[in-house]
Every structure is written in structure tokens, then in C-alpha cells.
Amino acid sequence: MNLRFKKSLAVVLACLTALPLMLAPAPTQVSAASDANVNLSAEKQVIRGFGGINHPAWIGDLTAAQRETAFGNDQNQLGFSVLRIYVDPDRNNWSREVATAKRAIEKGAIVFASPWNPPSSMVETFNRNGNPNAKRLKYDKYAAYAQHLNDFVTYMKDNGVNLYAISVQNEPDYAEEWTWWTPQEMLRFMKENAGSINNTKVMAPESFQYLKNMSDPILNDPQALANMDILGAHTYGTQFSNFPYPLFKQKGAGKELWMTEVYYPNSDNNSADRWPEALDVSYHMHQSMVEAEFQAYVWWYIRRQYGPMKEDGTISKRGYNMAHFSKFVRPGYVRVDATKKPDTNTFVSAYKGDNKVVIVAINRGTSATSQRFVLQNGNASTVSSWVTDSSRNLASGAPINVSNAAFTAQLPAQSVTTFVANVSSGSGGNTGSGTTYEAETETTLTDAVIETINSGYTGSGYVNFNASTNSAIQWNAINNTVSGTKNVKFRYALESGTRNLDVFVNGTKVISNTPFSQTGSWSTWAEKTIQVPMNANTNTIKVVTTGTEGPNIDSITVTAAQ
């Protein structure tokens, strides 16, 4: 998105956003709220994180203090775990992106990049709908453009930033001031050139309104699909009824689905603190997680007068609404099934990770409501809560007792509340149903050894990667009754930094450079879940280090991704 189009586009988007409200029938009234059932064994998508873009070329870099506010997860910090950066067409400007990206990674975030234009030497003008100055990538420069993206990946890596992914093009179907791509042109690049982009994931097509005509051709072409790791989309004016993507569910096994840019509901000047308008941000995030099943949610500018951080560096009401997700639903957590609308104005989503359950409940009504939550296939003793409403920002509430796997909480009028509970052992709180495979048994180790020196592992030990590239563990007997996408949860420890692993299933690489963030020590164990396709019967899973010493790995647990 470009600032020069902000105000005019906001009017269009407001109309588009309001349209389903005008056309939809009046909601059915209910006399009392239904239970919000949270099924800890019914796993949905793995969450990569929440964040926004830093764009020094257009509005200046985040300051050192603002980086801490954005990517730290202490009090008065947003807990963002995803940073989007700009691929400047002029490589002389690439250094602008380094400082914030490095700090974001040090705080545990992942970083991806999007280009608006290729270098000028690769661009030509053409007549598009009467505009003779429209721009596109020259047809004989596709390979050179892929190399340009490779060069950016290499530059960032050489300067301490390992990119999680790079996009082919920002909003190829809304390119008034940048480069247009037709669906056919995008398909050609993905088939013929995207496979040459190395050392990071490839994202496409980042349609401005999640228009499926841009991504359908990729999903329907086996070669193009093989070269795409993440389907990225923007949701400007996208109706919630268009959030589900059946074709991706059908053909996107092993791929990720991200929402990579939006501001919502508008970009009015100084709108960041308006209430209850800011509550629409958490409502939009709810729809994105539940209806679209996005794995990441990325705002436009992190710091802006309508963004999560205001120009003075303080968190806005919109930012606190985002923080109800970003501070508590951490990378690698898995969304689990929950009653998404237990009452007319109440919306619920739930997540699990680190032996916790996180429930985000939004009350859009003008009256407080009492809501009962029921934990299925799990239990807890007490629940902590945080609330944001017209007068409070992430205010901590008194502990709530859980009785017979259920608790009742008051949801204030026009509010968002996040509940967090430690789930008791054996409850499925972060395992669900599935099978656990130890790292030290029935595995093949390459430049890795079995250790027992640290505490906290299960089984007879854990595997320690040596300090070299291409160290590996392969599990040789992963058994499934049916084929399909599986959640693979790693239990690991990592003292500091971030380590990247390639993941192979049955000898085929399915994920490149998936990051394992620090846990704080070699005996502090955490969990990370990935999604991969598997066959029925026996499978192999292999993880290979792509950098320095990898994490200690205790075990993996394999469950069906529903």
C-alpha cells in the first residue's frame, strides 16, 4: 500500500466493508449465550505470528526504543513476532532494512520481504486500460529478477538477517504506482523462475483483496505450486464470506497461508485510539484466524497515526487489540476448535502451545455478557485474564477458578478479553491425540549425538546437533493410518539465538529454513509445531541444520491437522 492512495482508497474500502453489513439479513437473537466449547484435541492451523511492516524508505525507520516496543513481550510491549520489510529496487538502499530486522530476529521474530518494483533496467511501460505508463517486468528479465531477489536474500543474510521468506510482488493486481502482473505472468514466473530463489521460502501472489484469480492458477499447476512455500494475501475490503479458500484446503498441503497486509477498518488520521472502532481490529483478526485460517496476520505500518503504534511510539487502542493475540498466541502455537460465535455479539477463538490454552473472546455488544467456557480433552485449575475496553488497556483481572473443566467469565461491553491457563498433564493441552517419537530411538543421526547431561527431557535422552551445517536427525518409522497434512510438534531446547532447519518427508524437502527460537537455556524445553504432508502407512521425517549448532531435540509428536 502507498500513502498517496491512502485516503482515496479508504473511502472505497469503507464502502466495500460496509456492503456485507447492508446486504446481510438481521442476525438471529438468542435469549442466552451458549457454552463456548474449546476442544484441545481438534487441531487447526499452526500460527506463525503477528506483526507489521517497517518501511524506512517511505516513513523513516523505527527507533531503537520503538523496536523494543514492537518486538518485546514485556509490559507495554506489543509482542510482535513477524516483521515485513521492503525490497528496494535500488540495492544501494538495502542497508536501511538491516537494523530493525536484526533486532526483530534477536527478539524472536521472523522476517519476510516484499518488493514493489524490480530494478528500473528490468521494467518496461505498456498500455493498460488506456494508461500508456503502466509498468511491468520485461518478459526477457524474469531470470534476472529472480536473481535480484536472490541477491537481496544474500545481502540480508550477510548482514545478520536470515529471511524467513521473500515475496515475488506486492499487490500485483493493484499496481497504480508499481509493477503490474497478470495471473498468467505470475504463473509463468512461479513455474519457470521461482524455483531458482534459494535459502528462503517463496511467497506469492499477495493480491490486494485476496482475489483468488491471482492464486488459483498457481494452486492448479503442480510445478508452480511446488515452487511456492507461502500463499500471501492482503484483505483490503475483502468480505468475510470470501475468507475461506476451498482450493487451498484441497491443494495446499505443506504450504503456508498468510495475511500479509491490511489496515482495518480505515486509515483515517489519528484514528488509532477511537473506540469502539479499534475493537474492529481484534474482530478482523478473529475472522482471519477462524474463517480464513491464516497462519500469520500482518498489519500495514507498525508506527502510524492509525496503526498499532502511534507516531510518538506509544501503543494505540488498535495496538492493544492486536496484542490480545500477539502477546499470548506465540509462534508455533496451534489453533484449536472452539465455538466461534456462542452469542449474537460474542466471538471466540482458542489456541494451545507451551502447555497452555489461550482463549480470545470479543464482545461487540453494548452490554456486558456472562460467558461459560468448557475445556474438552483437557483441564486446568485457574485461568488468568486480560481485558481491553473503552477505559482499559490489557488490564489484568483476578484469577478465575476452573471447575469440572469449565469456567464462567464476564465479558464487558465492547471489549476483548484474553484468557490463559496452564493445562494439566495428560489433558491434550499441547499434544492432542497422536503419537510421540523420541529423537534418540529408531532414528538415524548424522553429525549428531545422544545426550543425557541436561534435565527436563523425556525418554532415555535427547539428540544434540553438532556445531556444523548439515547435521541431521531422521525418524525412520512414522506411522499414519491415513494420508494428509499432519502437525509435527518438536520438543526442543536452545540456549540463545535462532537456528534454522530444513525438513524432509520421505526424502523430499517440504520446508526450508524453519526457525527454532531460543528457549533460554539448554535445559529449558519448548515446543514448535510445523505442518507437513504425509502418506498413509510408514513415513520418514528428517531435519537438517542450515547454519550453526542446532537445538537439542527431545521428541516429535505427530497428529492429524484438521
#### Entry: In the stretch 241-280, residue surrounded by the fewest Cβ atoms within 10 Å (Cβ to Cβ) [restricted to those that are aliphatic (A, V, I, L, M) and not in a loop (DSSP other than H, G, I, E, B)]
L247
### Total residues in the stretch 61-81, condition over 21 Å from the mean Cα position of the chain (by Cα), without any contact (Cβ under 8 Å) to a residue 40 or more places away in the chain and surrounded by fewer than 17 Cβ atoms within 10 Å (Cβ to Cβ)
2
### Task
Give just the number: which of (1) closer than 30 Å to S241 by Cβ; (2) in a loop (DSSP other than H, G, I, E, B); (3) at pLDDT 95 or above does V38 not satisfy?
(2)
### Message
Consider the stretch 94-107. How many of its residues are among the acidic types (D, E) and crowded, with 20+ Cβ neighbours inside 10 Å?
### Response
1
### Task
Mind listing just one residue for me: the one in the stretch 380-393 that is within 26 Å of the chain's Cα centre (by Cα) and more than 21 Å from A338 (Cβ to Cβ) and, of those, surrounded by the fewest Cβ atoms within 10 Å (Cβ to Cβ)?
N393
### Message
What's the number of the only condition in (1) polar (S, T, N, Q); (2) surrounded by fewer than 22 Cβ atoms within 10 Å (Cβ to Cβ); (3) at pLDDT 95 or above that T238 fails to meet?
### Response
(2)
#### Entry: Top-ranked residue of the stretch 360-379 - restricted to ones that are part of a loop (DSSP other than H, G, I, E, B) and either touching a helix residue (DSSP H, G or I) at 6+ places or on another chain (Cβ under 8 Å) or surrounded by 23 or more Cβ atoms within 10 Å (Cβ to Cβ) (or both), ranked as modelled with the lowest pLDDT
G378
### Query
Does Q305 satisfy being open to solvent by 10 Å² or more (accessible area, probe 1.4 Å), more than 16 Å from V82 (Cβ to Cβ) and part of a loop (DSSP other than H, G, I, E, B)?
yes
#### Entry: Answer residue from the stretch 502-547, given it is in a loop (DSSP other than H, G, I, E, B) and under 25 Å from the mean Cα position of the chain (by Cα) and is modelled with the lowest pLDDT among those
G547
### Test for S241: is it among the polar types (S, T, N, Q), closer than 24 Å to P172 by Cβ, touching a residue at least 12 places away in the same chain (Cβ under 8 Å) and in contact with a Pro (Cβ under 7 Å, 6 or more places away or on another chain)
yes
### Query
Restricted to the stretch 205-223, and to residues that are out of contact with any Asp or Glu (no Cβ under 9 Å at 6 or more places or on another chain) and within 22 Å of K509 (Cα to Cα), which residue is surrounded by the fewest Cβ atoms within 10 Å (Cβ to Cβ)?
P222
### Checking V290 against (1) over 20 Å from L78 (Cα atoms); (2) open to solvent by 40 Å² or more (accessible area, probe 1.4 Å); (3) out of contact with any Gly (no Cβ under 6 Å at 6 or more places or on another chain), the condition it does not meet
(2)
### Summary
Those residues of the stretch 175-204 which are open to solvent by less than 20 Å² (accessible area, probe 1.4 Å) and out of contact with any Phe, Trp or Tyr (no Cβ under 9 Å at 6 or more places or on another chain) amount to M186, M190, A194, I197, V202
### Task
Could you please tell me which pairs satisfy a Cβ distance under 9 Å, a separation of 6+ or placement on different chains, a first residue in the stretch 464-490 that is within 17 Å of D502 (Cβ to Cβ) and open to solvent by 30 Å² or more (accessible area, probe 1.4 Å), and a second residue that is modelled with pLDDT of 90 or more and of a type in the set (F, W, Y)?
Q474/F504
### Query
Which of the following residues is in contact with a Phe, Trp or Tyr (Cβ under 8 Å, 6 or more places away or on another chain), charged (D, E, K, R), open to solvent by less than 60 Å² (accessible area, probe 1.4 Å) and farther than 28 Å from M285 by Cβ: R84, R136, R91, R128?
R136
### Message
If I ask for residues that are within 20 Å of A338 (Cβ to Cβ) and either in contact with a His (Cβ under 6 Å, 6 or more places away or on another chain) or open to solvent by 10 Å² or more (accessible area, probe 1.4 Å) (or both), which ones from the stretch 30-41 would you list?
### Response
V30, A32, A33, S34, D35, N37, N39, S41
### Message
So for the stretch 159-168 (the condition being of a type outside the set (A, V, I, L, M, F, W, C), free of Cβ contacts under 8 Å to residues at least 60 places away in the same chain and open to solvent by 10 Å² or more (accessible area, probe 1.4 Å)), does at least one residue qualify?
### Response
no
### Message
So for the stretch 404-415 (the condition being open to solvent by 30 Å² or more (accessible area, probe 1.4 Å) and under 29 Å from Y492 (Cα atoms)), does at least one residue qualify?
### Response
no
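The values are calculated or read from the model by the stated rules, or taken from the named source; none is laboratory data. Just so we're clear, the structure is a prediction, and the values are computed from it rather than from any experiment. Note that each Cβ is placed from the backbone with ideal geometry, even for glycine, and that neighbours are counted across all protein chains shown. We work out accessible area using only protein heavy atoms, side chains counted, and drop any ligands, DNA or RNA first. Shrake-Rupley method; radii C 1.70, N 1.55, O 1.52, S 1.80 Å.
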